[in-house]
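Here's the structure we're looking at; comments come further down.
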Amino acid sequence: QVQLVEAGGGLVQAGGSLRLSCAASGDTNCISAMGWHRQAPGKERELVAVIRSSGSTYYADSVSGRFTISRDNAKNTVYLQMNSLKPEDTAVYYCNTDPPGVAECYGLDAWGQGTLVTVSS
C-alpha cells in the first residue's frame, strides 16, 4: 500500500505562485512515476505533469512554461512549483503514483486526497 499526503494548496492572486508537495509512505518501493492531476469545477480531471523514475517530465500544454515538477527520491516526495498562476488554474490538485512493472507492486497505484488551489483575479 502506498499512501500520499498533499500539502501547499490555498488562495493566491493571479500572477502569484504556490508550491505543492506530495509525500509518499508505505510501499515506496512500488513507486515509479509520480505526477499531478487537477479537476476544476464542472470539468473532467486532467493530467497536469508527470515525472518518471528516469527524471524525464511531461507537462500539459496549458501549464508548460509555468509549472515545474520535481521529486526528491530520498524523501519520497514530489513537488509542483506553480508560477504565473491564472484563474483557470483553480482546481483540486491530486497527486498520484504509478508502480513499476513488477509482480509484487501490481495494483499499487495511489492517489492523494487532493488539495484545493484557488486563484483569484
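The values are calculated or read from the model by the stated rules, or taken from the named source; none is laboratory data. Since this is a predicted model, take the numbers as computed values, not measurements. With ideal geometry, Cβ positions are generated from the backbone for all residues, glycine too; neighbour counts draw on all protein chains shown. For accessibility, only protein heavy atoms count, side chains too; no ligands or nucleic acids. Shrake-Rupley method; radii C 1.70, N 1.55, O 1.52, S 1.80 Å.
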Number of the condition not met by VAL5 [criteria: (1) more than 19 Å from LEU116 (Cβ to Cβ); (2) surrounded by fewer than 19 Cβ atoms within 10 Å (Cβ to Cβ)]: (1)
Subset of the stretch 63-121 that is basic (Lys, Arg) and free of Cβ contacts under 8 Å to residues at least 60 places away in the same chain - its residue that is least open to solvent (accessible area, probe 1.4 Å): ARG66
Breaking point among (1) over 18 Å from SER84 (Cα atoms); (2) open to solvent by 50 Å² or more (accessible area, probe 1.4 Å); (3) of a type in the set (D, E, K, R), for ARG19: (1)
Within the stretch 91-113, tally of residues that are of a type outside the set (Asp, Glu) and within 14 Å of the chain's Cα centre (by Cα): 11
For GLY26: the one exception among (1) farther than 28 Å from SER120 by Cβ; (2) open to solvent by 60 Å² or more (accessible area, probe 1.4 Å): (2)
Residues of the stretch 89-121 classified as among the β-branched types (Val, Ile, Thr) and at positive phi, total: 0
Conditions (1) β-branched (Val, Ile, Thr); (2) surrounded by 21 or more Cβ atoms within 10 Å (Cβ to Cβ); (3) touching a Ser or Thr at 6+ places or on another chain (Cβ under 7 Å); (4) without any contact (Cβ under 8 Å) to a residue 60 or more places away in the chain: number failed by VAL50: (2)
Selection from the stretch 33-47 of residues that are touching a helix residue (DSSP H, G or I) at 6+ places or on another chain (Cβ under 9 Å) and not charged (D, E, K, R): ALA40
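Check whether at least one residue in the stretch 94-112 is more than 18 Å from GLN3 (Cβ to Cβ), part of a strand (DSSP E or B) and at pLDDT 95 or above, and report yes or no. Working first, answer last.
Taking the stretch 94-112 first, the residues more than 18 Å from GLN3 (Cβ to Cβ) are 101-103.
Of the ones still in play, those that are also part of a strand (DSSP E or B) are none.
No - not one qualifying residue is present in the stretch 94-112.
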